[in-house]
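Structure, as structure tokens:
The values are calculated or read from the model by the stated rules, or taken from the named source; none is laboratory data. Note that the structure is predicted; figures quoted are calculated from it, not measured. Reconstructed Cβ throughout: ideal geometry from the backbone, glycine too, with neighbour counts over all protein chains shown.
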Amino acid sequence: MGGKFEMEQAFPDDAVVIAIVGMTGSGKSSFISLLTDDSVEVGHSLNSCTANVKVYTFRDDRGHPGYLIDTPGFDDTTRSDSEVLIDIAFCFSKLYSRGILLNGLIYLHRITDVRMQGSAMKNLTLFKKLCGRHAFSNVMLVTTMWDALPPGRTGDDIGKERLDALANDDKYWGEMERNGSTLARHMGNPKSARVIVNYLIHKKTKVALDIQQQMVDHHLDLNETVAGAYLQQSLVESCKKYENELDEVQRSADLAQEERDMDTVEMLRVEEDRYRTKMKSASGDLRKLRISHQALEKVKPEKYRRLIRAIEHERALRAAEKHEFEQRIADVQARVRRRDREISHLTEETDHLAYNLRGKNQELDVMRSQLRSRSYAGRKEIHSEEEGPGIRSDSIRRDSVASDHVGPSNPASPNRFPMPLTRTMSSI
Ligand SMILES: Nc1nc2c(ncn2[C@@H]2O[C@H](COP(=O)(O)OP(=O)(O)OP(=O)(O)O)[C@@H](O)[C@H]2O)c(=O)[nH]1
Ligand SMILES: [Mg+2]
């Protein structure tokens with residue numbers, strides 16, 4: 001099990017894919033530029049800079065290529081919220097439909113913002129609805145631009161106070177933090193950016209967002225997804241508001257007409273046109289949201305082909321590397337098995353030789369014993385022949401002591417040996 005786990009760690013099936021999200025000007029492209037060698041366009045005017053979803057490559061700590069997705073904010077100055085949502089939904093559902101999951105999302109927020117304005121609230125609400133509560137644990141809520149706060153403790157205190165306000169209120173980040181989102185400060189340098197992405201990379205779990213499951217698995221049109229429905233509702237409300245305002249302007253224009261106040265009439269007609277344009281654009285946006293994942297594919301067939309191709313290429317490389325690695329492991333295991341078999345064969349042979357040796361030793365012991373018995377009997381015979389007058393009894397004692405190292409000391413026990421049989425055997 002340990003081996004398999006390590007192998008999976010060494011070869012994750014997919015490349016790292018992380019999306020960077022947040023308001024226009026929150027520092028998304030700047031954050032990405034700290035991690036990639038690709039050229040990233042950073043905005044320096046009040047206008048939104050990143051108008052379309054863009055994908056950049058970077059290398060993770062092991063040197064494997066990963067992908068950072070730069071997204072436009074929902075408060076984009078050049079595109080409507082529907083267009084931005086379509087772009088993001090398309091990118092995410094396209095990845096998901098090819099089995100590519102995100103490691104996580106990094107939501108950037110400027111700590112220099114005094115409060116959450118309407119557009120910031122809408123941006124955050126849409127983001128939460130895109131993800132769904134189950135995905136919050138793969139979200140990092142990151143504050144940027146700490147260096148732009150007043151210097152010293154004043155700035156730090158202001159920052160902490162704002163961070164507390166964000167983290168403790170469910171309207172803002174509270175609900176996400178309670179459901180597993182992680183708060184982090186980005187200090188504007190590469191090391192800080194690396195620490196933040198590493199947190200998501202090392203998490204290991206990847207995530208399917210609500211918008212991805214709703215569009216791809218449940219075949220919902222964008223306006224039927226939770227995020228799409230929220231935007232649709234806000235567009236319907238805007239339409240109603242513009243309609244009421246248009247009625248009001250028309251009534252005033254009619255009144256001015258009756259009073260022949262042509263300057264006011266002219267001014268109000270311009271105002272009417274302005275509301276009609278707004279209504280037209282809102283109802284156009286409403287229509288745009290009624291689009292399925294399949295229809296999106298047809299509308300934007302080329303858009304993410306490069307991204308998908310790159311990720312699939314990366315996957316194929318990883319699969320090949322993994323296969324090669326597994327092959328090498330199998331070779332080593334086969335070699336180890338072969339050695340084991342050789343060792344066990346040699347052990348059997350050694351045991352057999354030891355067994356034979358023990359047998360030979362026993363035979364040798366028996367022969368020694370017979371030899372000693374015979375030599376003892378022979379000596380006894382010589383002694384009885386030599387025994388007679390003049391022979392001192394201590395000569396017998398001396399002979400028997402001298403024979404201790406070749407035979408039994410006690411002639412009554414001719415089978416006792418100087419070295420016990422068991423010891424002889426065990427010392428083989
Ligand atoms: N002081 C300071 N300025 C920063 C920091 N990060 C980004 N900026 C500046 O903020 C401005 C906007 O940065 P971008 O990275 O373009 O922001 P963005 O979120 O990509 O904006 P859009 O593409 O319009 O959605 C640029 O002028 C950056 O130089 C930071 O950490 N500190
Ligand atoms: Mg940008």
Restricting the first residue to region 17-40 and requiring it to be touching a residue at least 40 places away in the same chain (Cβ under 8 Å), which pairs with a second residue that is near ligand 1 (Cβ under 7 Å from one of its atoms) and of a type in the set (Lys, Arg) meet a Cβ separation below 8 Å and a spacing of at least six or different chains?
Ile20/Lys28; Val21/Lys28; Gly22/Lys28
Out of (1) surrounded by fewer than 16 Cβ atoms within 10 Å (Cβ to Cβ); (2) modelled with pLDDT of 90 or more, what's the single condition that is false for Asp37?
(2)
Yes or no: Gly188 surrounded by 15 or more Cβ atoms within 10 Å (Cβ to Cβ), touching a residue at least 12 places away in the same chain (Cβ under 8 Å) and within 16 Å of ligand 2 (Cβ to nearest atom)?
yes
In region 13-24, which residues are more than 18 Å from Asp60 (Cα to Cα) and more than 8 Å from ligand 2 (Cβ to nearest atom)?
Val21, Gly22, Met23
Among Glu237, Glu266, Glu248, the single one that is exposed (fewer than 13 other Cβ atoms within 10 Å of the Cβ) and more than 30 Å from Leu126 (Cα to Cα) is Glu266
May I ask you to list pairs of residues, at least six apart or on different chains, whose Cβ atoms are under 7 Å apart, with the first in region 137-159 being within 16 Å of Arg178 (Cα to Cα) and more than 16 Å from ligand 2 (Cβ to nearest atom) and the second being of a type outside the set (D, E, K, R) and part of a helix (DSSP H, G or I)?
Asn138/Leu200; Val139/Cys131; Val139/Met176; Met140/Ile196; Met140/Tyr199; Met140/Leu200; Leu141/Met176
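Each row is one residue, and each column tells you yes or no for (1) in contact with a Cys (Cβ under 8 Å, 6 or more places away or on another chain); (2) closer than 19 Å to Leu235 by Cα; (3) aliphatic (A, V, I, L, M).
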| position | (1), (2), (3) |
| --- | --- |
| Asp70 | no, no, no |
| Thr78 | no, yes, no |
| Tyr96 | no, no, no |
| Tyr107 | no, no, no |
| Thr112 | no, no, no |
| Arg115 | no, no, no |
| Ala120 | no, yes, yes |
Here are some residues: Ala148, Ala208, Ala193. Which one is among the aliphatic types (A, V, I, L, M), under 28 Å from the mean Cα position of the chain (by Cα) and within 15 Å of ligand 1 (Cβ to nearest atom)?
Ala193
Please verify whether region 131-138 includes one or more residues that are among the charged types (D, E, K, R), in contact with a helix residue (DSSP H, G or I) (Cβ under 9 Å, 6 or more places away or on another chain), assigned by TED's automatic domain parsing to the domain that holds Gln214 and more than 17 Å from Ile20 (Cα to Cα).
yes
Only one of (1) touching a helix residue (DSSP H, G or I) at 6+ places or on another chain (Cβ under 6 Å); (2) at pLDDT 75 or above does not apply to Met367, and that is (1)
If we keep just the residues of region 71-88 that are more than 15 Å from Ile211 (Cβ to Cβ) and not small (Gly, Ala, Ser), which is farthest from ligand 2 (Cβ to nearest atom)?
Glu83
Matching option when the condition is surrounded by 12 or more Cβ atoms within 10 Å (Cβ to Cβ), within 30 Å of Tyr230 (Cβ to Cβ) and touching a residue at least 24 places away in the same chain (Cβ under 8 Å), among Lys288, Lys280:
Lys288
Considering residues that are at pLDDT 85 or above and within 11 Å of ligand 1 (Cβ to nearest atom), the number found within region 44-78 is 4
Residues in region 101-117: is at least one surrounded by fewer than 22 Cβ atoms within 10 Å (Cβ to Cβ), closer than 23 Å to Thr205 by Cβ and touching a residue at least 60 places away in the same chain (Cβ under 8 Å)?
yes
Can you tell me which of (1) under 21 Å from the mean Cα position of the chain (by Cα); (2) buried (at least 21 other Cβ atoms within 10 Å of the Cβ); (3) of a type outside the set (D, E, K, R) is the one Leu85 doesn't meet?
(1)
Could you please let me know if Ser29 is surrounded by 16 or more Cβ atoms within 10 Å (Cβ to Cβ) and within 11 Å of ligand 2 (Cβ to nearest atom)?
yes
